[in-house]
Amino acid sequence: MINAISLDRPQLTVIQITLIAAIGGFLLGYDASVMASTQLYFTQYFNLTSSQQGWAVSSAGYGCFVGAISAGYLTTALSRKYTLMLAALLFLISSLGSGGADSLNELACYRIILGLGIGMIAMAAPMYIAEISPSNIRGKMVTYHQLAMVIGFLIPFIISLYLNSVDDSASVNWIDRGWRLMLWSELIPTLVFLCLLFAVPHSPRWLMLRGKRQQAQAVLLQLAKNTQEAESELQEIANSLSVTSLPARKLLFKSGLIFALFLGIMLAIFQQATGIGAMLIYSADIFRQALDYNPTEALKPQLWVSVVNIIFTFVAIYTVDSWGRKPLLMLGTIGMFLGLMVLALAIYTQQFGLLSLMGVLLFVGAFAMSMGPVVWVILAEIFPNNVRSLAMSIVIGAQCLASALVTNGFPILNKSDFNTLNFNGALPYFIFASICIIAILFVWRLMPETKGKTLEEMEQLWR
């Protein structure tokens with residue numbers, strides 16, 4: 001019996017452990033914001049073409065693909081916790097190197113190293129949070145990963161606005177060295193993340209997978225409300241692991257789970273293919289196009305976008321476990337479609353100004369309450385214990401590849417003669433809006449509701 005075991009309980013609560021793991025999400029948002037606020041400057045510094053600009057920004061995405069795929073093995077062999085620590089070390093290496101880069105190739109190489117860490121965090125952090133959280137608050141806990149991401153996205157814009165406000169020659173400084181300082185600034189939150197990870201326990205589900213039952217019991221005693229609940233959850237985990245002895249790669253491709261994998265891959269692709277990466281990272285270019293702003297002026301609407309992102313992420317946090325995953329996803333994706341259409345029509349008809357800004361804010365707000373956090377929740381909870389690492393690595397790999405292709409292709413398409421002559425620059429947004437329609441139909445027809453189910457009960461859903 002679980003109460004007969006005299007092991008010291010871990011000192012951290014579920015929310016404390018979640019907040020530490022969510023710093024990984026903060027790093028993802030912080031880096032994306034650093035790219036958004038500096039890419040115009042290092043593009044000028046290195047005198048990059050549109051395709052080179054896309055490569056510099058998207059190179060991390062290709063590294064992310066490799067990192068996510070490798071994380072499937074790492075989270076099983078090393079643990080979820082140690083995979084996050086390895087990712088933090090890769091962030092440190094990349095931040096040091098990319099800030100000192102003297103060429104496009106050097107910058108891209110260090111960005112690929114950072115991408116490896118991004119892929120590991122994107123896969124391991126939400127999975128770890130889901131595995132240490134009770135089913136009744138799991139959705140809320142996993143959305144903290146997205147909340148940390150959008151807070152991380154806000155901070156560099158505040159820093160950039162401050163530096164521009166106190167330095168009259170900011171435009172010269174940013175081109176020469178400002179973008180380097182922003183890349184080096186990633187060292188601070190990365191070191192905080194790495195140090196705090198030493199304090200968190202291993203996932204009880206990973207401990208059970210490795211046959212460490214007593215350690216899993218000790219962790220569950222701290223995470224559960226009472227001893228009876230901890231004992232019940234431990235038995236559920238044990239039962240789910242004993243259902244089959246098939247290797248994960250064979251079990252994953254059984255009829256029920258192959259649909260779960262397909263669902264996860266498509267949701268991950270939709271999350272990126274609807275344009276969020278392009279809208280956030282290239283927001284300075286978008287506001288220059290839609291509002292006729294210079295890079296410094298574009299920082300203010302970029303800050304508004306970040307604030308809207310945070311506000312609507314709280315909507316998801318407080319509704320994902322009551323409304324459910326599917327209604328939020330449907331409602332938010334419809335809002336994304338409307339925002340993209342407003343922006344596209346404003347640019348197409350050359351009606352620049354408030355209308356185009358409202359389109360961007362509507363899109364980002366709708367994403368923040370749906371495709372952003374809810375997809376992370378679904379991906380972290382739909383796969384059984386035996387195959388979760390392998391399945392998540394495949395799904396997050398697809399997500400990273402979709403993100404890389406979008407961020408790589410956007411500046412090329414946006415500045416193409418075909419887009420300029422035939423669509424007045426609006427073609428990318430019409431494409432993103434079309435993908436939103438496909439995503440809405442996909443969720444409506446194929447996605448089941450998963451709220452309130454334990455991770456072990458989720459297996460029965462696919463059977």
- Note on the structure: Quick calc: nm separation of the 7 Å Cα→Cβ label points for Tyr73 and Ala238 -> 3.2 nm
- Size of electric dipole in the chain: Cβ of Lys, Arg +1 and of Asp, Glu -1, about Cα centre, debye, nearest 20: 1120 debye
- Message: Using only the heavy atoms of the protein chains and a 1.4 Å probe, how would Leu252, Leu154 rank by accessible area, largest first?
- Response: Leu154, Leu252
- Rounded to 10°, Cα long-axis angle of helix 427-446 versus longest principal axis of the chain: 20 degrees
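Kindly provide the helix-only [θ] at 222 nm of the chain, computed as the sum of -39,500 (n - 2.57) over DSSP H runs of four or more divided by all residues, to the nearest 500 deg cm²/dmol?
Values: 23 runs with 365 residues, N = 463.
The helix-only estimate for the chain comes to -26000 deg cm²/dmol at 222 nm.
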- Note on the structure: With all protein chains in place and a 1.4 Å probe, Phe432 shows an accessible area in Å² (nearest 10) of 20 Å²
- Message: Strictly over 30 Å apart at the Cα level, which of Lys300/Lys326; Lys225/Lys451; Lys300/Lys451; Lys81/Lys140 would you flag in this model?
- Response: Lys300/Lys326; Lys300/Lys451
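Ignoring ligands, DNA and RNA, what percent of the 1.4 Å accessible area of the chain is carbon and sulfur? Before the final figure, lay out each step's value.
On the way: 11250 of 17400 Å².
Summing carbon and sulfur atoms, their accessible area is 65 percent of the total for the chain.
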- Query: Does the range 11-71 come out rounded, prolate or oblate by the C-alpha gyration tensor, with a ≥ b ≥ c the root eigenvalues, rounded set by a/c under 1.5 and, if not, prolate when a/b is larger than b/c and oblate if not?
  - Reply: oblate
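Once the piece of chain linking Leu446 and Ile93 is laid out straight, how much longer is it, given 0.36 nm per residue of separation minus the C-alpha distance between them?
This chain segment gains 122.9 nm when fully extended.
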- Message: Quick check: Cα centre of the range 86-165 to Cα centre of the range 10-80, how many Å?
- Response: 4 Å
- Note on the structure: Rounded to whole Å², per residue accessible area for the chain with a 1.4 Å probe reads 38 Å²
- What angle do you read, to the nearest 10 degrees and between 0 and 90, between the alpha-carbon axis of helix 295-319 and the longest principal axis of the chain? 30 degrees
- Item | Unpaired by the 4.7 Å Cβ criterion, cysteines found in the chain | Cys109, Cys195, Cys436
- Task: Taking the Cα centre of the range 1-151 as origin, work out the dipole magnitude from +1 charges on Lys and Arg Cβ and -1 charges on Asp and Glu Cβ, in debye rounded to 20.
- Result: 400 debye
- Given charges at Cβ of Lys, Arg, Asp, Glu: the chain dipole, positive-most of Met279, Gln460, Ala60: Gln460
- Note on the structure: Once all protein chains are kept in place, Met266 shows an accessible area at probe 1.4 Å, nearest 10 Å², of 50 Å²
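Work out how much length Asn422 to Ser51 would gain on full extension: take 0.36 nm times their residue separation and subtract the Cα-Cα distance, in nm to one decimal.
Working: separation 371, 0.36 × 371 = 133.56 nm, distance 2.07 nm.
Once the chain is fully extended between Asn422 and Ser51, it gains 131.5 nm.
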- Only Lys, Arg, Asp and Glu count, each charged at its Cβ (+1, +1, -1, -1), so figure out the dipole size of the range 394-463 about its Cα centre, rounded to 20 debye. 100 debye
- Query: Under a point spin-label approximation (7 Å from Cα along Cα-to-Cβ), what is the Asp176-Thr13 distance to one decimal in nm?
  - Reply: 5.1 nm
- Message: Among Val406, Ser50, Thr333, which residue has its Cα furthest toward the positive end of the charge dipole of the chain, with +1 on Lys/Arg Cβ and -1 on Asp/Glu Cβ?
- Response: Thr333
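The values are calculated or read from the model by the stated rules, or taken from the named source; none is laboratory data. Computed from a predicted structure; not experimentally measured. All Cβ positions, even for glycine, are placed from backbone atoms using ideal geometry, and neighbour counts span all protein chains on display. Accessible surface areas use protein heavy atoms only, side chains included; no ligands, DNA or RNA. Shrake-Rupley method; radii C 1.70, N 1.55, O 1.52, S 1.80 Å.
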